[in-house]
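Each remark here refers to the structure printed beneath this line.
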Number of protein chains: 2
Amino acid sequence: MDLILPLPDDFHIHLRQGKDLVNYAQSAMQQFGRVLAMPNTEPPINSAESVKKYKEEILAAAPNLEVLLTFKLNKNYSEQELREMQKNGAIAAKYYPLGVTTNSQDGVAKIEDMYPTIELMEKLNMVLCLHGEEPGAFCLDREKEFLKHLEKLCKTFSKLRIVLEHVSSAEAVECVKRLPQNVAATITVHHLILTLDDIVGDSLRPQNFCKPLPKLPKDKEAVRAAVFSGNSKFFLGTDSAPHSLEKKECLCGAAGVYSAPVAIPILIEEFENENKLDLLSNFIAGFGADFYGIPRQAKKVAYTKKEWQVPKTIDGAVPLKAGEVLRWQK
Amino acid sequence: MDLILPLPDDFHIHLRQGKDLVNYAQSAMQQFGRVLAMPNTEPPINSAESVKKYKEEILAAAPNLEVLLTFKLNKNYSEQELREMQKNGAIAAKYYPLGVTTNSQDGVAKIEDMYPTIELMEKLNMVLCLHGEEPGAFCLDREKEFLKHLEKLCKTFSKLRIVLEHVSSAEAVECVKRLPQNVAATITVHHLILTLDDIVGDSLRPQNFCKPLPKLPKDKEAVRAAVFSGNSKFFLGTDSAPHSLEKKECLCGAAGVYSAPVAIPILIEEFENENKLDLLSNFIAGFGADFYGIPRQAKKVAYTKKEWQVPKTIDGAVPLKAGEVLRWQK
């Protein structure tokens with residue numbers, strides 16, 4: 001049995017840099033036609049020059065990947081700088097609160113400090129992508145506690161397009177639904193299928209540890225309901241975030257799930273299980289493009305129903321569902 | 001400044017077996033006068049002969065440690081067998097639900113299946129120690145969901161002394177308080193000071209991963225309130241559970257905190273911070289002995305206020321607060 005899908009978009013991916021990037025970008029290219037690459041490299045992507053170079057680095061590794069860029073909103077930019085970054089391929093800024101996830105030690109303590117740039121972004125029709133977690137709150141409450149900032153942004157910049165990234169809680173799903181059409185959310189594959197049980201329920205499973213944390217069963221159900229209702233505000237951003245085996249399993253305990261190589265096969269299964277395969281194309285290659293204001297993907301890709309076992313590591317990182325059997329493949 | 005305390009009792013400790021046991025037992029002997037050793041070795045302690053041998057093995061390693069034994073309630077025993085185990089030093093049985101923690105793959109699916117033995121234990125005045133987690137429930141609800149079994153046991157065996165081990169939730173604390181005087185609870189050092197934030201809040205910290213999971217701030221506060229109220233139903237059982245560095249940090253993700261070497265210094269700090277040092281002796285060497293019906297410890301031990309840094313590993317295992325500075329030592 002074959003399934004013909006539009007070549008998927010991934011509106012949230014970490015391709016890393018240097019030697020690692022080559023493998024990660026090639027793996028992404030095997031799965032996606034377009035990706036929005038996150039800017040939390042070291043040093044971060046935060047200038048017209050670094051946007052340009054990062055795009056070139058990715059394209060050198062994965063020439064057939066259509067690369068959309070972000071820059072890190074960890075300082076204010078002039079209109080001139082924003083226009084230059086835009087010209088070089090940046091369509092969105094990524095906001096990281098201070099210290100909430102990988103390479104966010106240069107994150108922002110107070111989002112209001114970034115309002116001058118955000119106002120310019122609204123004017124230039126750029127998208128603001130939010131890592132929506134409140135530093136210092138209890139781990140399961142961090143996303144919920146962040147929502148007040150989203151609501152305030154929304155009121156202050158009524159024309160700004162905002163994406164709340166990787167929503168993981170019932171409260172965030174409800175908030176995005178309630179806010180106007182210029183507010184959307186990405187949903188990862190892992191938040192569709194994991195809860196806290198999959199990290200600390202039985203033995204500790206570092207490969208499932210990520211930010212925001214997968215939460216309670218009710219939260220997973222809310223995320224699933226958003227996806228399987230076909231609401232156009234919710235689209236795929238895998239937040240695929242490879243860490244080397246060493247970083248994941250050692251004392252450093254890095255946060256991030258490497259899902260790019262398995263994302264689409266898992267999504268096909270999930271949509272099939274819910275008897276919602278008709279909604280899959282919009283989720284992986286429709287609503288996101290519409291929201292970002294870019295043409296929908298025209299290319300197609302075929303998946304076949306044929307079991308395969310996910311390797312224990314891919315590109316030196318432990319992938320989501322490592323060792324498990326999936327039933328669809330390209 | 002010196003602090004003179006009764007030599008502490010630990011009513012819940014894992015000393016492991018074989019080569020590892022030597023170090024762990026000696027470390028325990030440096031901290032405690034008496035310990036209640038848990039029976040989840042491989043194979044488990046579940047016969048008069050294995051009780052006797054385990055006691056001898058511990059005493060060979062730590063001759064000055066007073067060793068109280070448990071046996072594993074993973075099958076029914078005859079009155080004769082119970083009497084023999086009692087004669088060999090077993091004062092309690094430990095009940096593990098199926099699959100909830102380390103070496104519980106031989107645990108019990110239905111506690112009612114053990115009622116014949118529990119009835120005999122009541123008659124022989126033995127104590128029942130419960131790992132109170134309901135298999136299959138969501139990780140944060142497992143203890144709460146187990147309480148129905150505790151309540152039923154309590155009604156069915158009104159004279160049986162029961163210890164709910166390592167209480168970690170507000171609901172369990174409330175339940176133990178509400179039930180009659182023959183129901184008590186141990187409290188670990190780590191559940192006094194950790195929440196889920198200390199495992200998955202920032203980077204992943206495998207050294208703090210244990211069962212039952214440290215939970216929400218409100219749960220930690222309830223556990224602390226039970227201890228600092230001086231309620232005689234709550235006494236120290238560290239559940240110190242060393243795993244080799246390898247087992248803790250690798251994919252296997254073993255559950256357990258190694259607290260024995262640091263337990264008393266941490267407790268002194270915590271009681272001092274709460275301005276409740278007058279309640280410490282009862283918690284570490286009073287209420288437990290009373291509940292178990294053994295004489296209170298007569299020996300004393302002196303602690304000095306002098307800072308020291310907890311080593312990164314002790315006995316090849318990562319201790320609680322590894323690398324941190326504590327302010328009391330022997």
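The values are calculated or read from the model by the stated rules, or taken from the named source; none is laboratory data. What you are looking at is a predicted structure, and each value in this text was computed from that prediction instead of being measured. Quick reminder, even Gly has a Cβ in these numbers, built from the backbone with ideal geometry, and neighbours come from all protein chains shown. Each accessible area value is taken on the protein alone, full model and side chains, heavy atoms only, with ligands, DNA and RNA left out. Shrake-Rupley method; radii C 1.70, N 1.55, O 1.52, S 1.80 Å.
How many Cβ atoms of partner chains, on average, are near each residue of B:125-138 if near means within 10 Å of its Cβ?
Details: counts 0, 0, 0, 0, 0, 0, 0, 0, 0, 0, 1, 2, 2, 7.
Across B:125-138, the average partner-chain Cβ count within 10 Å equals 1.
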Q. In whole percent, what relative contact order does chain A give with Cα contacts below 8 Å and a gap of six or more residues?
A. 18 percent
(Q) Let's test this: bin the Cα-Cα distances of the range B:7-131 at 10 Å from zero up to the farthest pair and state each bin's percent. (A) 14, 46, 32, 7
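If you take every DSSP beta bridge whose two residues both sit in chain A, what share of them, in percent to the nearest 5, is antiparallel?
Working: 11 of 39 bridges.
If we restrict to bridges inside chain A, about 30 percent are antiparallel.
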(Q) Using a 7 Å offset from Cα along Cα-Cβ at A:K218, what residues in the range B:134-149 end up with backbone N under 19 Å from the label point? (A) B:137-146
**Q.** Inter-copy separations for B:Q105, label at 7 Å along Cα-Cβ, nm, ascending
**A.** 4.1
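Go through A:V325, A:V318 and list them by solvent-accessible area, largest first, probe radius 1.4 Å. Before the final figure, lay out each step's value.
Numbers: A:V325 85, A:V318 10 Å².
I get A:V325, A:V318, largest accessible area first.
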Q) Is there a simple number for the mean count of other chain Cβ atoms within 10 Å of the Cβ of residues in A:139-145, and what is it? A) 3
(Q) Using a label point 7 Å beyond Cα on the Cα-Cβ vector, give me the inter-copy distances for B:Q309 in nanometres, one decimal, shortest first. (A) 4.5
**Q.** Rg followed by Dmax, in Å, when the range A:222-330 is reduced to its Cα trace
**A.** 15.4, 45
Q) Setting aside same-chain residues fewer than 8 positions from B:K218, which aspartates and glutamates have a Cα under 18 Å from its Cα? A) A:D141, A:E145, B:D141, B:E143, B:E145, B:E171, B:E174, B:D197, B:D198, B:E270, B:E274
Q) Considering only protein heavy atoms, what is the solvent-accessible area of A:I4 at a probe of 1.4 Å, reported in Å² to the nearest 10? A) 110 Å²
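Which of A:K94/A:K144; B:K19/B:K75; A:K55/A:K299; A:K148/B:K321; A:K233/A:K300; A:K72/A:K155 have a Cα-Cα distance over 26 Å? Display every interim value, and only then the final one.
Values: A:K94/A:K144 19 Å; B:K19/B:K75 28 Å; A:K55/A:K299 22 Å; A:K148/B:K321 35 Å; A:K233/A:K300 23 Å; A:K72/A:K155 23 Å.
Beyond 26 Å: B:K19/B:K75; A:K148/B:K321.
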Q) If you count, for every residue in A:208-217, the Cβ atoms of partner chains within 10 Å of its Cβ, what is the mean? A) 2
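Order the following by accessible area, largest value first: B:D197, B:D219. Probe radius 1.4 Å; ligands, DNA and RNA are ignored.
Values: B:D197 40, B:D219 5 Å².
Largest accessible area first, the residues go B:D197, B:D219.
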Q) Carbon-plus-sulfur fraction of the accessible area of the protein assembly as shown, 1.4 Å probe, in percent? A) 50 percent
Q. Roughly what would the spin-label model give for B:W308 and A:E119, points 7 Å off Cα along C-beta, in nm?
A. 6.0 nm
Q: Between copies, how far apart are the B:P180 label points? List them in nm, one decimal, shortest first, with each point 7 Å from Cα toward Cβ, please?
A: 6.7
